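Any read-out appearing in this document is the output of simple, stated calculations on the displayed coordinates, not a laboratory observation. Predicted, not measured: the structure shown is a model, and the values here were computed from it. Note: ideal-geometry Cβ built from the backbone for every residue, glycine included; neighbour counts use all protein chains shown.
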Amino acid sequence: MDRITLGQLASMKRERQPIACLTCYDATFARLLEQAGVEVVLVGDSLGNVIQGHASTLPVSVDDMVYHTKSVARALSAPLLIADLPFLSYTTPAQALASAHRLMGEGGAQMVKLEGGAQVLDMVRALSDFGVPVCVHLGLLPQSVHRLGGYRYQGREAGAAERIRADARALQEAGAELLVVECVPAQLAGELRQQLRMPVIGIGAGADCDGQVLVLHDMLGAHRGRPPRFSRDFLTGQTGGLSGALAAYVAAVKSGAFPGPEQTLF
Ligand code: KIV
């Protein structure tokens, strides 16, 4: 099967066909995600939480990311595979290139994702100049949880929203080709979708995005403690089991039924 390309994602944006994305960390689920029609698979550093049992993503290493990316890559043929550059693995252009080399060369990812705005512009530019497709992540940045003071919604005040808009524009000019925007008001996400050429994938950012992503364990109801309020359990009550839950997620993203008003907090 042909691999989904960034050009196809850009066409989906233009044609207003929502892009379905989920995180994944192993080969068995990778196969199920592909069968369900997920177009973009993200090996997120959320594996620090859901696989390794840490309280944050900070302990995740490049070695961890390579291990899980390889496992997922072995089982995927069509979806675009993105892998996260983990905490402090992209503090200089040279370090970002070396880390991306490992995720793509050893891991088999087709794109890398990194968190941040103005502070990562040089790294995005260097990666893009050397042929590495880059997804950027704005809004709630889990790798900055201690600076943010918790997992809180971002961009709710006018100044903060304007910084996110300016960062997104600058990152796109630096070469970013996809944006994940996490826990921002739906109106801000909608403005980003309209203003940017690159597709905008939301998580906790309302329905007016080019696509949606969730952490796999959250949408299967397998979270630790209270589930995120922007997520939905697609497995409980599902007669089709895991495959049915994944297919229901893809269908809900495609039809615009997810996220609904109850998952849109701001
Ligand atoms: O690491 C991750 O799973 C992510 C998603 C929350 C988008 O970055």
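Between Gln195 and Ser144, the simple label model (points 7 Å from Cα in the Cβ direction) yields a spacing of 1.7 nm. With the charge dipole of the range 148-266 set up from +1 on Lys and Arg Cβ and -1 on Asp and Glu Cβ about the Cα centre, the Cα lying farthest toward the positive end among the listed residues Ser255, Leu242, Ala174 is that of Leu242. With a Förster radius of 51 Å applied to the C-beta separation of Phe130 and Glu262, the computed FRET efficiency comes to 0.70. Each part gets one Cα centre, and for the range 208-266 versus the range 1-70 those centres are 15 Å apart.
If you stretched the chain out fully between Arg74 and Ala27, how much longer would it get, using 0.36 nm times the residue separation minus the C-alpha to C-alpha distance? Show your work: numbers first, answer last.
On the way: separation 47, 0.36 × 47 = 16.92 nm, distance 0.66 nm.
Result: 16.3 nm gained on full extension.
Assigning unit charges at the beta carbon (Lys, Arg +1; Asp, Glu -1) and nothing else, what dipole magnitude in debye, to the nearest 20, does the chain show about its Cα centre?
Details: 23 positive and 25 negative charges, 60 e Å.
Result for the chain is approximately 280 debye, rounded to the nearest 20.
For the chain, build the convex hull from the C-alpha positions and give me its volume per residue in Å³. Present the calculation step by step, with values, prior to reporting the outcome.
Values: hull volume 30.7 nm³, N = 266.
Value for the chain: 115 Å³ per residue.
Multiplying the residue separation of Ser56 and Ser11 by 0.36 nm and removing their Cα-Cα distance gives an extension gain of 12.7 nm. Think of the chain as a dipole: +1 on every Lys or Arg Cβ, -1 on every Asp or Glu Cβ, centred on the Cα centre; then among Ser77, Val43, Gly206, Gly206 lies furthest on the positive end.
Treating r as the C-beta distance of Arg229 and Gln35 and R0 as 30 Å, the FRET efficiency rounds to 0.55. Within the same chain, lysines fewer than 8 places from Lys70 are excluded, and of the rest, those with a Cα less than 24 Å from its Cα are Lys113. Here Lys254 is the anchor, and the lysines within straight C-alpha reach of less than 20 Å, apart from those fewer than 8 places off in the same chain, are Lys13.
With +1 on each Lys and Arg Cβ and -1 on each Asp and Glu Cβ, and nothing else charged, work out how big the dipole of the range 144-266 is about its Cα centre, in Debye to the nearest 20.
Details: 13 positive and 12 negative charges, 52 e Å.
Computed about the Cα centre, the dipole is about 260 debye.
For Tyr151 and Ser255, calculate 0.36 nm times their separation in residues minus their Cα-Cα distance, and state this gained length in nm to one decimal. List each step's numbers first, then the result.
Details: separation 104, 0.36 × 104 = 37.44 nm, distance 2.87 nm.
Contour length minus Cα-Cα distance gives 34.6 nm.
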